[in-house]
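What follows is a short report on a single structure.
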Amino acid sequence: MASGEDHVYEALRTIVGDPFVSRDREELYMYSRDPGASIPRSADWVVLPSTTDEVQKIVILARDMKVPVVPISGGLTLSGLAVPVKGGIVMDMRRMDRIIEVNERSRYVVVESGVSQGKLLSFLKENYPMLRHSMPDAPPSASVVGNTLIYGSGHLSKHGAHSEMINGLEVVLGDGEVLRLGSCALSPYWFGRGPLPDLVSLFVNWFGTTGIVTRLSLKLYPSHPLRDMLIFLVQDPKTIPQAVSMITSTDMMEDVLIVASRPPKAPSVISLLTVYLTAETHEELDFKKELFVDMFKDFGQEGSRMVFTPKEMLPQKLIHGFMEEPQYAAATADFKKGGGFEYVGVVLPLSKVPVAWKMGEEIARKHGFDPLYTVRNVGLGHGVVFAFAYPFNRADEESLQRSRDALADTNDMALELGGTPWKSELEGQAKIMARMDPVVLSVMDGIKRVMDPGGIMNPGNWKHG
Ligand SMILES: Cc1cc2nc3c(=O)[nH]c(=O)nc-3n(C[C@H](O)[C@H](O)[C@H](O)COP(=O)(O)OP(=O)(O)OC[C@H]3O[C@@H](n4cnc5c(N)ncnc54)[C@H](O)[C@@H]3O)c2cc1C
């Protein structure tokens, strides 16, 4: 008679076909970790479904066999959120990579869970050049769905965090039921979430613990033919709240991003504030540039200015990085040699940026790092996503541990400042829950019990008690 483990394996093969299920150690190894500093943990099986029907069958199997099921789309979260901490099935969504529909007039796209950021970007460029989505700075293999479900932020963050750009979802629940949420619950159109009771939120920032999203409708935005950016050297971080407030009050930028890092060979950390601009005509672009350059001409005292730095004065490689694939913070980690980096992201009110900056600097120095920050405006100055990053060498356990210790201190500091940690690893989640209003905590617990009575959906995350 087949053991329980063999039964699960055979059943998965029947559902998806032999090439799309594995229990080989080499393949499980790839799913036991992400590029961040979390402790690895192996799954027992990995499976790659290609349809919602297959996802449904796998979830029902997991429920019946009482084994955990962990969805992974791009696997690039960096904080271990798709690491199978209790083993079981890792469900890799990458075969579900169809772009189902673009509605040009109502400006939305419906994608399957495995569609990558890079795929959507090039598809829109080729077929709908007048439309774009908000691209994060994550590698292009990060998925649209994974990033959107966890409060991603990107180049159009003046419209809010990516989770706020969701129009609707198709979700497989822990009992195998399929739900369609948003306007698509009533009609063939996926144009919005309201005015209905908002059930989409039950799957946003829950890290796959309430259901597996198979389709998502995302808002698209106009794409203008001209793009440029203005770079200002930040002399004093205390001026950032006022500067971001002034920039966003014009509503004429696409994004405001501040990066602080020590470039290779540079003697000290430099902080650059970048304003991203787009326009229909050269006149419009010139007008916007002039407006922002003028705005900062008489800003601040000597030594605390925002110094306009023409792009031509900066290395071309850096400029290309900022405009096309802004991954400057990641450049400090040598991935090819086993390096990595992890960050604690925290959503903060703008006014808290200077104090977070200073405290982050102390934490970084304490653990032997240079401060390495990205601070992105969200909305029109409604908040920032502040990321404190710590690179490490994976082959060196001491260096990994230093990153983990710095992350832990940064989580404490972020909570102390009244911030909300972003896509926290398990330890960070525990700290959040320890501070949470107990009534909210018990409602969360109740929701999880209803959505996932068997406790099989990405267990360990948002664990109460
Ligand atoms: C160099 C670098 C730069 C980065 N810059 C940014 C940035 O600018 N902005 C930003 O937002 N992020 C950034 N990130 C972080 C990260 O890459 C993204 O947030 C990433 O896009 C997450 O998407 P993913 O597809 O990798 O998600 P995954 O890691 O696959 O999943 C994320 C979480 O969602 C769950 N999940 C995945 N798929 C589903 C599903 N179908 N249904 C339900 N739950 C699911 C997983 O279980 C997990 O808990 C960066 C990362 C790197 C390495």
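Some notes on this structure:
- In region 101-142, the residue that is surrounded by the most Cβ atoms within 10 Å (Cβ to Cβ) out of those that are among the hydrophobic types (A, V, I, L, M, F, W, C) and part of a loop (DSSP other than H, G, I, E, B) is V115.
- Which listed residue is within 21 Å of L149 (Cβ to Cβ), within 23 Å of the chain's Cα centre (by Cα) and not in a loop (DSSP other than H, G, I, E, B), from V450, V385, V440: V385
- Members of region 307-350 that are modelled with pLDDT under 80, in a loop (DSSP other than H, G, I, E, B) and under 22 Å from V384 (Cα atoms): E325, P326, Q327, Y328
- Among residues of region 128-139 that are farther than 30 Å from Y343 by Cα, those with a Cβ under 8 angstrom from a residue that is among the charged types (D, E, K, R), sequence gap 6+ or separate chain, pair up as Y128/E104; M130/E104; L131/E104; L131/R107.
- Being within 11 Å of the ligand (Cβ to nearest atom), surrounded by fewer than 22 Cβ atoms within 10 Å (Cβ to Cβ) and at pLDDT 95 or above holds for only one residue in V204, V213, V171, and it is V204.
- P139 under 15 Å from V21 (Cα atoms), assigned by TED's automatic domain parsing to the domain that holds T210 and within 16 Å of the ligand (Cβ to nearest atom): no
- Any hit, region 55-64, residues being part of a loop (DSSP other than H, G, I, E, B) and either without any contact (Cβ under 8 Å) to a residue 24 or more places away in the chain or small (G, A, S) (or both): no
- Residue within region 351-371 that is modelled with pLDDT of 90 or more and under 19 Å from the mean Cα position of the chain (by Cα) present: no
- If the condition is being in contact with a strand residue (DSSP E or B) (Cβ under 9 Å, 6 or more places away or on another chain) and either part of a loop (DSSP other than H, G, I, E, B) or within 12 Å of the ligand (Cβ to nearest atom) (or both), then region 423-437 contributes K423, S424, E425, Q429.
So that you can scan it fast, the table gives a plain yes or no per residue for (1) part of a helix (DSSP H, G or I); (2) more than 30 Å from I72 (Cβ to Cβ); (3) outside the structural domain of F296 (by TED's automatic domain parsing):
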{"residue": "S201", "(1), (2), (3)": "yes, no, yes"}
{"residue": "N205", "(1), (2), (3)": "no, no, yes"}
{"residue": "T210", "(1), (2), (3)": "no, no, yes"}
{"residue": "R215", "(1), (2), (3)": "no, no, yes"}
{"residue": "T239", "(1), (2), (3)": "yes, yes, no"}
{"residue": "V244", "(1), (2), (3)": "yes, yes, no"}
{"residue": "M252", "(1), (2), (3)": "no, yes, no"}
{"residue": "I258", "(1), (2), (3)": "no, yes, no"}
{"residue": "Y276", "(1), (2), (3)": "no, yes, no"}
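- Residue within region 194-211 that is without any contact (Cβ under 8 Å) to a residue 12 or more places away in the chain and within 18 Å of the chain's Cα centre (by Cα) present: yes
- Residue count for region 73-89 under the criterion of being closer than 23 Å to T14 by Cβ and either touching a Ser or Thr at 6+ places or on another chain (Cβ under 9 Å) or among the polar types (S, T, N, Q) (or both): the result is 2.
- From the list D255, D236, the lone residue that is away from the ligand (no atom under 16 Å from the Cβ) and either within 30 Å of V55 (Cβ to Cβ) or of a type outside the set (S, T, N, Q) (or both) is D236.
- Residue within region 77-90 that is touching an Asp or Glu at 6+ places or on another chain (Cβ under 9 Å), at pLDDT below 95, under 24 Å from L426 (Cα atoms) and among the polar types (S, T, N, Q) present: yes
- The listed residue being of a type in the set (A, V, I, L, M) and under 30 Å from G381 (Cα atoms), out of L179, L186, L173, L156: L156
- Here I15, I60, I39 are screened, and the one residue that is within 16 Å of the ligand (Cβ to nearest atom), in the same structural domain as E112 (by TED's automatic domain parsing) and either farther than 24 Å from S116 by Cβ or β-branched (V, I, T) (or both) is I39.
Matching residues to (1) in a loop (DSSP other than H, G, I, E, B); (2) free of Cβ contacts under 8 Å to residues at least 40 places away in the same chain; (3) in the same structural domain as V109 (by TED's automatic domain parsing):
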{"site": "N167", "(1), (2), (3)": "no, no, yes"}
{"site": "D175", "(1), (2), (3)": "yes, no, yes"}
{"site": "Y189", "(1), (2), (3)": "yes, no, yes"}
{"site": "G192", "(1), (2), (3)": "yes, yes, yes"}
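- In region 375-419, residue surrounded by the fewest Cβ atoms within 10 Å (Cβ to Cβ) [restricted to those that are modelled with pLDDT of 95 or more and of a type in the set (S, T, N, Q)]: N411
- Just one of the listed residues (D6, D24) is more than 29 Å from the chain's Cα centre (by Cα), modelled with pLDDT of 95 or more and farther than 20 Å from T214 by Cα, namely D24.
The values are calculated or read from the model by the stated rules, or taken from the named source; none is laboratory data. Computed from a predicted structure; not experimentally measured. Positions of Cβ are backbone-derived with ideal geometry, glycine not excepted, and every protein chain shown enters the neighbour counts.
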